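Let me begin by presenting the structure, written as structure tokens, before commenting on it.
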Amino acid sequence: MIDHLREKGLGVDPVCRVLELSPSTYFARKKRPKPARRLRDEQLMPLIESVHAESGCTYGARRTTRALKRKGADIARCTVERLMAELNLEGVIRGQRRRTTICEPSAPRPPNLVDRDFTASRPDELWVADMTYVRTWSGWAYVAFVLDVYSRMIVGWQVANHMRTELPLDALEMALWRRRIKAGSGLIHHSDRGSQYVSIRYTDRPAGIGASASVGSVADSYDNAMAEALNGTFKAELIEMQGPWRDVDQVERAIFQWVTWYNEERLHSALDYVPPAEYDRDWWRQQEATPQSA
């Protein structure tokens with residue numbers, strides 16, 4: 001936590017005073033060598049990722065352990081389970097959809113400010129965020145979207161071969177940069193209660209600009225209905241229409257083209273068949289044409 005706050009420009013001494021921790025203790029821990037168990041974990045994690053990828057991301061802990069032993073690695077199944085959880089890796093589950101967000105019961109949970117009312121009176125009043133997945137020949141690709149509720153415009157997106165916190169965080173950073181969101185904007189950011197979205201690293205970002213976090217339930221399509229609807233549109237209009245997909249890079253290039261078309265040209269029924277970007281621009285033109293009260 002101290003290292004994370006130092007990256008934000010805060011000094012060690014004031015942070016340690018708040019945490020009631022001696023600065024000398026902090027620096028002593030920084031100089032202390034890593035435990036042997038952690039060093040071994042760092043050696044095993046790339047092997048586990050490699051075996052999992054080679055299986056097409058289908059192997060769970062049991063098969064991954066067997067595959068590692070066939071490669072000569074002496075590793076216990078409980079160790080594989082622990083490290084796969086840390087790496088956010090899981091095997092395929094027959095008859096069930098792949099999960100992209102996993103509930104974190106111990107994490108602080110922001111209130112649900114939306115309560116299934118996905119309406120907004122202006123751009124950048126309410127954003128919804130979610131993640132989905134794409135099967136490729138080389139493994140799974142994971143996609144994170146941030147959608148503006150007012151205009152239905154995709155304001156941020158990102159693709160990766162993992163579903164760690166960096167993925168939705170990068171999508172959020174894109175949205176904040178593209179929309180030039182500043183402190184005091186009144187933005188509400190809504191997502192489900194997945195571990196990526198309630199992590200400290202993720203929640204610190206909107207909080208830093210005064211945005212209000214809103215969280216629904218994990219795997220409840222009603223609590224994040226608009227984001228789920230975007231995922232469905234994305235799958236139907238791009239992934240299923242143009243697949244199969246070779247790798248993450250191919251998916252990323254296709255998504256860039258699709259998002260551009262979706263925002264600038266696709267006629268949206270909820271907007272009276274106007275493209276999201278045009279609907280957004282019309283609102284800003286109206287604001288410029290409306291005389292401001294003194």
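The figures follow:
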quantity: Added length on full extension, which subtracts the Cα-Cα distance from 0.36 nm per residue, Arg122 to Tyr273; calculated: 52.6 nm
quantity: Packing-based order for 136-149, 275-288, using average beta carbon neighbours within 10 Å, highest first; calculated: 136-149, 275-288
quantity: For Tyr133, residues with placed amide H under 5 Å, excluding near neighbours; calculated: Val143
quantity: Using a Förster distance of 25 Å, the FRET efficiency for Gln286-Arg180 (Cβ separation, nearest 0.05); calculated: 0.85
quantity: Listed peptides 190-196, 229-235 by packing density, highest first (mean Cβ within 10 Å); calculated: 190-196, 229-235
quantity: For the range 196-276: relative contact order, % (alpha-carbon pairs under 8 angstrom, 6 or more apart); calculated: 12 percent
quantity: Net charge over other residues, Cβ less than 12 angstrom from the Cβ of Val274 (K, R count +1; D, E count -1); calculated: -3
quantity: Average Cα contact separation per residue, the range 126-289, under 8 Å, 6 or more apart, as relative contact order %; calculated: 23 percent
quantity: Sequence-distant residues sharing a close amide H with Asn112 (under 5 Å, placed H); calculated: Val215
quantity: Bins of 10 Å from zero: percent of alpha-carbon pairs in the range 126-289; calculated: 10, 39, 37, 13, 1, 0
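None of the figures in this text is laboratory data; all of them are computed from the coordinates on show. None of the values given here were measured: they were computed from a predicted structure. Virtual Cβ from ideal backbone geometry, glycine too; neighbours counted across all protein chains shown.
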